[in-house]
Amino acid sequence: MNRTKDIGQALPLVASMLGDKLGVKVRTRACDTACTDGDTIYIPPLPMDGEEEMLGLVNGYIDHEAAHIRFTDFQAVKAANLSPTGFFIWNAIEDWRIEHELVKRYPGCRRHFDWLIRHMFMEQEKEKDGEMPSFPVLNYILLTLRSWDVPDLVTQCDEYAAVISGLWGSLKEDLDAILGDIPDHCRSTHDSISFTHRILHLLEQKSKEGQSAQNHNESAQHSDSKDNASRRNLEAAQTSADNHQTDPPSTQSSTISNSIPVIPDSDKLQGENLLKQCLEATADELPENLDEKLSAQLTANANTTNVMRLAVVSPTQTTPLPDALLKETQATSRAMGMKLQALLQAQTLKRNTPGRRGRIDGHHLYRLSTANPRIFLQPNHVEDTDTAVHLLLDSSASMSSDMELATAACYAVATALTRIPGINVGITTFPGQQTADSLPTIFPLKRHGERLRPMSVQASGSTPLAEAMCWVATQMVPLKEKRKLILLITDGEPDDYILATQTIRKLRASNFEIGGIGIQSSVLGNLLPVSSEMITSLTELAPALYRVLHKQLVIRR
């Protein structure tokens with residue numbers, strides 16, 4: 001089973017494995033921005049070691065965007081031509097829907113989503129100053145949908161509900177009636193768009209009602225003001241006629257001030273305009289949706305040192321091995337296979353020995369006459385081979401003169417190993433052809449479970465050792481074999497020595513065994529001081545690989 005716990009918190013491995021599991025492409029993007037284009041998920045370069053928060057963000061982001069890729073009809077959204085407010089409401093509804101669709105197929109994603117909801121809507125809210133957002137209706141819709149999965153959000157929903165009820169009366173109940181239909185009737189992107197239009201229509205109605213009421217109040221106030229002015233003029237004229245004098249300026253001013261009508265409560269005036277502002281708001285004025293929040297936080301947390309870009313599969317030029325070299329490698333593989341198989345058979349052979357319990361051995365019943373109870377057969381259980389071996393071959397430009405012999409030696413070793421029951425072999429070369437975005441590349445010559453085909457590859461490019469090891473690890477984690485061994489074959493220093501060191505340490509902590517052969521180079525001796533050898537010519541490669549395999553498969557059992 002594909003389990004991220006098998007590789008701990010190695011973030012690049014987690015990201016790549018999640019993409020493979022969910023059936024989507026995950027790529028590293030040099031601009032350090034997390035996003036998706038509807039086909040591929042792009043993430044910033046990730047550090048090898050990730051804290052729990054960063055691991056949760058990676059899990060949640062890839063799961064969430066994978067759900068969009070698999071279940072959102074982007075053409076329907078484009079055709080709907082929603083306003084910024086409409087898009088915000090649609091996105092909130094669609095996020096809830098697609099996550100539930102993904103959980104139906106991958107129940108383990110529920111844990112990722114619940115952590116993400118708590119982190120984004122609860123823990124981060126504690127860091128704010130408690131000020132009520134400008135558009136409480138939108139936040140109420142968003143949090144209500146999320147509270148169905150995480151009931152701890154109900155308290156925040158109640159706070160927004162109180163504001164909405166105070167400003168717009170029955171709007172909350174009308175919203176709840178629409179939202180309550182979503183779980184049973186929202187089955188597609190078109191349904192999400194339909195619910196969005198229902199909510200927008202409701203908000204527009206409330207906005208028009210508020211505007212009509214405001215206009216009516218303004219008209220009434222204007223009429224009252226005119227009546228009051230006429231009455232004041234009449235009273236002033238009468239007073240002037242009776243007293244033949246005018247009031248002091250201060251007395252006259254006080255009379256006018258006391259006669260001005262009372263201004264409506266400022267909160268009610270704000271509420272009358274708030275819905276209109278909400279409906280006409282631009283994207284920059286609206287709150288961030290979950291995708292934007294998550295992308296921003298993942299991008300911010302990923303800006304660290306010693307980050308890794310995920311390797312991608314890229315084709316490379318291959319040629320068949322010459323017949324003479326092929327015959328030589330076949331002879332070498334037969335001799336090597338016989339040696340390894342004899343050694344492994346001695347280690348894995350199950351022998352029965354006499355014991356005091358087990359199955360009765362009729363050949364030893366005579367021992368009863370001498371009161372010897374050892375008449376049973378007791379099996380000696382020895383661990384089976386059960387090992388996945390992956391040969392990782394450097395095909396950088398420095399290997400160009402030796403590439404044919406190197407691939408032939410790998411073919412000989414792989415052929416010998418495939419003849420041994422319980423060993424599953426794969427071969428990968430790195431790098432492959434350069435991509436347009438200059439990502440690290442690899443090319444699988446033989447995937448685990450596939451048929452072995454003898455071929456040579458063209459050498460070119462640099463030495464992305466760390467990225468290649470990560471890719472191989474993601475392919476090996478789902479394998480059923482208990483032991484997983486990676487054998488490196490390289491003639492130079494990796495592109496990033498520190499990152500390669502961290503990768504080896506992380507893989508070993510995740511129960512990978514790593515060995516290597518350095519061709520006229522002592523670099524692997526520094527990276528793998530115990531489990532590597534250095535050779536000076538390609539003719540020594542096959543015997544050296546045999547010795548490393550002997551150490552890993554036999555001596556360390």
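The values are calculated or read from the model by the stated rules, or taken from the named source; none is laboratory data. Here the structure is a predicted model, which means the values were calculated and not measured. Positions of Cβ are backbone-derived with ideal geometry, glycine not excepted, and every protein chain shown enters the neighbour counts.
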**Complete:** Given (1) over 42 Å from the mean Cα position of the chain (by Cα); (2) of a type in the set (A, V, I, L, M); (3) surrounded by fewer than 15 Cβ atoms within 10 Å (Cβ to Cβ); (4) at pLDDT 80 or above, L368 misses just (4)
**Request:** Give me the pairs, please: first residue somewhere in segment 1-29 and closer than 16 Å to L499 by Cβ and part of a helix (DSSP H, G or I), second residue anywhere and among the hydrophobic types (A, V, I, L, M, F, W, C) and at pLDDT below 70, beta-carbon distance under 6 Å, and either six or more positions apart or on two chains.
**Result:** L13/I7
**Prompt:** Out of (1) surrounded by 11 or more Cβ atoms within 10 Å (Cβ to Cβ); (2) closer than 30 Å to D402 by Cβ; (3) modelled with pLDDT of 80 or more; (4) not β-branched (V, I, T), what's the single condition that is false for F376?
**Reply:** (2)
**Request:** Scan segment 432-455 and give yes if some residue there is under 21 Å from E533 (Cα atoms), of a type outside the set (F, W, Y), surrounded by 24 or more Cβ atoms within 10 Å (Cβ to Cβ) and more than 24 Å from the chain's Cα centre (by Cα), otherwise no.
**Result:** no
**Message:** Within segment 457-485, take every residue that is in a loop (DSSP other than H, G, I, E, B) and of a type in the set (G, A, S) and give me the one that is surrounded by the fewest Cβ atoms within 10 Å (Cβ to Cβ).
**Reply:** S462
**Prompt:** Residues E131, E94, E52, E65: which one is closer than 16 Å to S194 by Cβ and either surrounded by fewer than 22 Cβ atoms within 10 Å (Cβ to Cβ) or modelled with pLDDT of 90 or more (or both)?
**Reply:** E94
**Prompt:** So, in segment 1-42, of the ones that are basic (K, R) and modelled with pLDDT under 80, which residue ends up farthest from Q297 (Cα to Cα)?
**Reply:** R3
**Prompt:** Just for segment 274-308: of the residues that are surrounded by fewer than 14 Cβ atoms within 10 Å (Cβ to Cβ) and part of a helix (DSSP H, G or I), which one is modelled with the lowest pLDDT?
**Reply:** A300
**Asked** Looking at segment 181-199, which of its residues are more than 13 Å from N91 (Cα to Cα), over 26 Å from the mean Cα position of the chain (by Cα) and either of a type in the set (S, T, N, Q) or outside any helix (DSSP H, G or I) (or both)?
**Response** D181
**Prompt:** Inside segment 73-86, can you point out the residues that are touching a residue at least 24 places away in the same chain (Cβ under 8 Å), in a helix (DSSP H, G or I), over 10 Å from L200 (Cα atoms) and of a type outside the set (V, I, T)?
**Reply:** F74, A76, A80, P84
**Request:** Would you check if there is a residue in segment 508-516 being among the hydroxyl-bearing types (S, T, Y), touching an Asp or Glu at 6+ places or on another chain (Cβ under 7 Å) and either under 25 Å from A15 (Cβ atoms) or surrounded by 23 or more Cβ atoms within 10 Å (Cβ to Cβ) (or both)?
**Result:** yes
**Prompt:** Would segment 380-397 turn up any residue that is over 53 Å from the mean Cα position of the chain (by Cα) and at pLDDT 80 or above?
**Reply:** no
**Item:** Extreme residue, surrounded by the fewest Cβ atoms within 10 Å (Cβ to Cβ), among residues of segment 145-172 that are within 20 Å of L274 (Cα to Cα) and either modelled with pLDDT of 95 or more or small (G, A, S) (or both)
**Value:** S170
